[in-house]
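The values are calculated or read from the model by the stated rules, or taken from the named source; none is laboratory data. From a predicted model like this one, the values you see are computed outputs, not experimental measurements. Cβ sites come from the backbone with ideal geometry, for glycine too, and all protein chains shown count toward neighbours.
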Amino acid sequence: MIDQVNVPTVYVVDDDPQVRESLKLLMRSVGLRTEVYGSAEDFLAVYKDGPGPPRCLVLDVRMPGMSGLGLQEKLVTAGVQIPIIMITGYGDVSMAVKAMGAGAVDFIEKPFSRQALLTRVQEAIDRDASRRHRETQQGDVTERLAALSHREREVMELLIAGDHSKQIAAKLKIGEKTVAKHRARVFEKMRTDSVAALVHLAYTCDLISRVPGLNLSSR
């Protein structure tokens with residue numbers, strides 16, 4: 001039995017009931033949780049963005065009421081980052097350009113290969129999983145930063161910039177032993193064991209924008 005809580009979710013929005021049922025069966029055949037909606041309005045009425053398993057949206061372009069492009073625009077405006085795969089039976093170049101320009105993963109014309117769609121869905125889910133992992137990691141780093149004292153942040157900035165303990169001591173007008181103590185606390189609180197690991201964390205989790213005054217480009 002599929003765990004309907006922890007597996008990735010595919011949302012299907014299409015006004016054709018046969019397409020909805022076909023896609024629901026297709027997605028569930030590979031173990032993906034699937035929710036289907038007959039209109040953009042129905043989807044918007046219940047969809048809630050937030051933490052949880054990765055997800056993607058398979059979205060028909062032409063529908064009565066709000067179009068797929070209209071729904072995409074609303075989601076983008078609201079800051080919802082769910083990956084979107086556009087499908088249509090009446091596609092044209094201008095539609096594809098608009099959809100892809102707004103961040104759609106792909107623009108697929110009906111009839112399409114079931115395997116090709118599944119491949120694109122998996123790519124979209126993987127992309128969302130990576131984004132969610134990155135955001136979780138960045139949230140964790142934010143908590144670590146909050147635990148640093150002002151002096152520890154100063155020492156961390158200089159360590160990331162490449163300064164040695166003697167240089168840090170001179171710049172901050174403190175003793176080298178004091179620098180060593182702050183350095184040890186920085187490693188402990190940031191959960192790193194070397195300057196190299198701290199530098200890696202700085203770039204992978206964008207510490208530059210998270211530490212007031214930290215600007216490596218000027219060093």
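Data for the structure
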| quantity | calculated |
| --- | --- |
| Residues within region 26-48 that are touching a residue at least 60 places away in the same chain (Cβ under 8 Å) and assigned to a helix (DSSP H, G or I), tallied | 2 |
| Number of the condition not met by ILE82 [criteria: (1) assigned to a helix (DSSP H, G or I); (2) touching a Leu at 6+ places or on another chain (Cβ under 6 Å)] | (1) |
| Qualifying positions in region 77-97 - surrounded by 14 or more Cβ atoms within 10 Å (Cβ to Cβ) and of a type outside the set (S, T, N, Q) | VAL80, ILE82, PRO83, ILE84, ILE85, MET86, ILE87, GLY91, MET95, ALA96 |
| Residue within region 202-213 that is outside any helix (DSSP H, G or I), among the β-branched types (Val, Ile, Thr), at pLDDT below 85 and more than 30 Å from ILE82 (Cβ to Cβ) present | yes |
| Leading residue by the ranking (farthest from the chain's Cα centre (by Cα)) among those in region 154-163 that are of a type outside the set (A, V, I, L, M, F, W, C) and buried (at least 17 other Cβ atoms within 10 Å of the Cβ) | ASP163 |
| Pairs with Cβ under 8 Å, 6+ apart, first in region 90-116 and at positive phi, second assigned to a helix (DSSP H, G or I) and surrounded by 11 or more Cβ atoms within 10 Å (Cβ to Cβ) | GLY103/GLN72; GLY103/VAL76 |
| Residue in region 164-182 that is of a type in the set (Asp, Glu), over 25 Å from the mean Cα position of the chain (by Cα) and assigned to a helix (DSSP H, G or I) present | yes |
| Hey, VAL19 touching an Asp or Glu at 6+ places or on another chain (Cβ under 9 Å), among the β-branched types (Val, Ile, Thr), surrounded by fewer than 21 Cβ atoms within 10 Å (Cβ to Cβ) and more than 27 Å from GLU135 (Cα to Cα) or not | yes |
| From the options THR88, THR77, residue that is assigned by TED's automatic domain parsing to the domain that holds ARG28, out of contact with any strand residue (DSSP E or B) (no Cβ under 9 Å at 6 or more places or on another chain) and more than 24 Å from VAL186 (Cβ to Cβ) | THR77 |
| Subset of region 117-131 (residues that are out of contact with any helix residue (DSSP H, G or I) (no Cβ under 9 Å at 6 or more places or on another chain) and not charged (D, E, K, R)) | THR119, GLN122, ALA124, ILE125, ALA129, SER130 |
| Residues (of a type in the set (Lys, Arg) and either assigned to a helix (DSSP H, G or I) or within 25 Å of the chain's Cα centre (by Cα) (or both)) located in region 106-129 | ARG114, ARG120, ARG127 |
